[in-house]
Structures are given as structure tokens and as C-alpha cells.
Amino acid sequence: MNLIVTTIHKPTPTVAEQAEELAERLAAPFVERGRSSLGSLCAEHDADTVLVAAKGGPVVHTAGGEYFFHLSMAELRINNLKDGKPDHMISAMGLARGMSVLDCTLGLATDAVVASFAAGEEGRVVGLEASPLIAAITGYGLAGFASGRPDVDAALRRIEVIRADYNAYLANLPDASFDVVYFDPMFRAPVAASSSLRPIRTLADPRPVGPEAVAAALRVAKRRVVLKEARGSGEFARLGFATVVGGKYSSIHYGILEAGC
């Protein structure tokens, strides 16, 4: 990936500052936008990916489409929880208020936001993200996105984003550090309906979860290790997740391993 950072046309001082900060954080060249199109900037600087600082937050332009922070299905899932309806991920985690979750594959943080809401103010959610670019975009969104709902915004702000490879991070954690350790890797076979995830597939770590990571997660988890995968995925059996749960008609299922078993 060859990345450049620029701004929208006629950026405000705040937007310009955001761009320069992101360029420094990502060790990428900052390019003045002027009147140029993104296409011409890419051609001039031999770039295939452009991060554009904007008033609503940074947007990454990739060959697969645009990537920017948004709530996706998190707000609807939170509404369902408030209405007393079950959430398959929360049920798989056995998550309750005051519990802690280590999300090893943070991505856009949709699942982390729902987990943060369920764990409440007394809980803790830490998200690991190996991709510097995704970590930057998601970190900005969690810190500044305004949904207009105090309970949802509070759930966003409580999430701690750490740019790290989960294999190395897990190896350095003490035993029983988190109640739940969660994996949501890039599916081996993408769900056709999830076209909105195409941009992130070009940026995310494509490596599958390994048995060593699952073993480390079981050491770190007090209660459960949970793996999210496509329904019928062979990853559950490969990694030893004998218990698999999910909606009858859902394309997504969750594998569960009990810690200490």
C-alpha cells in the first residue's frame, strides 16, 4: 500500500491540523490538496490509497471503496438490547455489566461498541488493531463521533484502542486478564451481503486466527474465548470450537470456548 494524506478542498484550520497529525502518526506524506482531484494526486505521487481529512472525520479512499468510521449496525443492536431483545454476540460472550472484553480484531469497532454498551460504565473494552490506518480511523471515530445519543456516545468513548498484533499482545498479558477474549477475523469466505466491508478487506490483516492465539486467549480469559465466523465455517472445527451458536437464519455464528476447561 502506498499512502498519502490530504484534506478536503478549502479545509478549516481544524481539518488541516487533523491531516498533519494523521500524516505524522502514519509516517505518510502530507500533500496539499489545492484544486486537485484525488485521482490526479494519486497519479502524481504514485499512491494507491488516500486518507482525506474532513469535517466529519477522516475518510480513506481505496481501490475497494471508501472507508470511514460509522456505527453500522451497532446502534440498532443497542436499541434491541434496550428493548430486552437478545444479541447473539452478547449471549455468546455471556457478557454482563462490569465485565471486561479484549477485542483482538477491532476493525470498525461495531462489535466493541455493542460490548461496551452491555458492559456499562463499570466494564472495560479494549480493542486491538494491527492495521495502523484502521486503528487511526477507528480511534478518531470512537473519540469524536456524535450520534446524538448520550448512552451510545458514552459507549464509544469508553473503548480503549491499541495498535497491536494480537499474537504479541496476548503473549505479554498476565493470566485471567479479561473476562472475555474475542476474535472477529476477516472471514475466509466473505459474506456476499457485506459489500460495505470491501474497503476494510484491502486494509485489514488477512491472516487467519491460529491455534497458538486461541491457546493464549484461553490463558488470558477468565470466562470465555469467542470466535465470530460465517455460518458453516470450517474455522470453528479447525480451531477447536465445538460449541457454535447463532440465529437460525443468520449468516454469522459464534464459537465458544470456556476458559479453564
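The values are calculated or read from the model by the stated rules, or taken from the named source; none is laboratory data. Since the model is a prediction, treat every value here as computed from it, not as a measurement. Quick reminder, even Gly has a Cβ in these numbers, built from the backbone with ideal geometry, and neighbours come from all protein chains shown.
Mind checking which residues of segment 23-68 are touching a Ser or Thr at 6+ places or on another chain (Cβ under 8 Å) and part of a helix (DSSP H, G or I)? Residues satisfying the conditions are L38, L41, E44.
Here the condition is being aromatic (F, W, Y) and closer than 22 Å to K228 by Cα; of F117, F145, it holds for F117 alone. In summary, S37 fulfils each of the numbered conditions (1) under 14 Å from H9 (Cα atoms); (2) among the hydroxyl-bearing types (S, T, Y); (3) surrounded by 13 or more Cβ atoms within 10 Å (Cβ to Cβ) with the single exception of condition (3). Kindly check whether there is at least one residue in segment 61-69 that is of a type in the set (S, T, N, Q) and within 24 Å of P185 (Cβ to Cβ). Checked against the condition, which is being of a type in the set (S, T, N, Q) and within 24 Å of P185 (Cβ to Cβ), segment 61-69 yields at least one hit. Return yes or no: is L142 under 18 Å from L26 (Cβ atoms), assigned to a helix (DSSP H, G or I) and at pLDDT 95 or above? For L142, the condition - under 18 Å from L26 (Cβ atoms), assigned to a helix (DSSP H, G or I) and at pLDDT 95 or above - is met.
Quick check on segment 188-204: of everything there that is closer than 20 Å to E66 by Cα and in contact with a helix residue (DSSP H, G or I) (Cβ under 9 Å, 6 or more places away or on another chain), which residue is modelled with the lowest pLDDT? Step by step, filter segment 188-204, then rank; the result is V191.
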